[in-house]
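Following: one structure in structure tokens, then a few remarks.
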Amino acid sequence: MNSSAQSLWGGLRVAVLALLWGSTFLWIELALRGLSPLQVTSVRCALGALVLVVACYATGHRLPRGVAVWRHIAVAAFFCNALPFALFSLGQQTVDSGLAGVLNATTPLWSIALGLALGSERGIHRVRLTGLLLGFAGTIVIFAPWQTTGGADWGALAILGAAASYAVAFTYMGRTLVRKGTPTISLSAAQLLAATGLTAVAMPVGGLERIDPSLTVVTAAVALSVLCTAITFHLTYRIINDEGATNAAVVGYLLPVVSVLLGAVVLGEDLGMRVVLGMAVVLLGVGMTRRPAATNAGKPARGEADSGEPAAGGPGPAALAGGAANSGVPAGAAPTPAAPVAAATTPPEEAR
């Protein structure tokens, strides 16, 4: 395949991935027409786990073994799957799908803030700090706390909480699961299995309500589970493996745009100029936080040489989280509520 064809194929895969990721919020919105938030979460985890478990064994792998690794997987499943999936479904009871996609884009901002609090983000430079502040300023514009009516409500807070939960998850996953030698597909399947168990425990609280299994609801639930929670993981990893994390990062900027467009075209949502402006400010801030620190003549950025830790612009917890909310992709990729997982930084030969 020549370079022109490769470029076209790569662009097509990025476009498909952006469409799948960005459509997550549309499918949640449609699934909620016949299922409760917890039912949506449970179905999403269970069907997604089924697909990944089948894929795991079909590729000659098996689920991880050992109490220690499963303990880490359970924690990651709670913060990366069960909790944010539930919060998104709860939040979208009152928040449009387009706005949900925009708020999800704040995950890298929460990741940097968490890294600063934990001391893992060292020597953050001015551009990234400005991007962090600008991103949160855009979030405030979206929430419009100065308005007595028309501002964001508790549903938006729930979705913002989901984005923050992703940040916690990726920080934890980066320290306990990534680059530990376990194939990515095995961790993916195990993590969704654990999330399925966690949501099953909560079913008596809000998962036993009467359902309305219309064709639209069933289609949305299946699409959300299979396309937006299982298949996107494989597509994301292949893009990173074949073309690098930079191309995958493009998806992070397309995701909220896709979610807004789908909400407007399919559901007739109207975000308004304030939300559009806030979205632009958030994306600008996220883009600035992705800018690596400058180095002098190839020397490592401050903090790397002395501590052995990644430089401020390198793949620390914030970069990992910026890498893939819910996709488990490595540094530089984009936040998303799509495929679950922990360790796309596993070497390619282990993931196949």
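The values are calculated or read from the model by the stated rules, or taken from the named source; none is laboratory data. Just so it is clear, the structure is predicted and the values come from calculations on it, not from any experiment. Ideal geometry is used to build each Cβ from the backbone, glycine not excepted, and the neighbour counts take in all protein chains shown. Side chains included, ligands, DNA and RNA excluded: accessible areas come from the protein's heavy atoms. Shrake-Rupley method; radii C 1.70, N 1.55, O 1.52, S 1.80 Å.
For THR94 and ARG126, the FRET efficiency from 1/(1 + (r/R0)^6), where r spans their Cβ atoms and R0 equals 25 Å, is about 0.10. For the stretch 189-229, the spread of Cα coordinates along the three principal axes comes to 29, 26, 8 Å, biggest extent given first. Per residue, the accessible area of the stretch 111-227 comes to 46 Å², computed with a 1.4 Å probe over protein heavy atoms only.
Accessible surface of the stretch 1-107, 1.4 Å probe: 68 percent of it comes from carbon and sulfur atoms. Based on C-alpha pairs under 8 angstrom that are at least 6 apart in sequence, the stretch 20-94 has a relative contact order of 54 percent. Here the Karplus curve 6.51 cos²θ - 1.76 cosθ + 1.60, taken at θ = phi - 60°, turns the phi angles of the stretch 193-200 into couplings of 4, 5, 5, 4, x, 5, 6, 5 Hz, with x standing for Gly and Pro.
Put simply, the convex hull of the Cα atoms in the stretch 135-220 casts, on average, a shadow of 9.6 nm².
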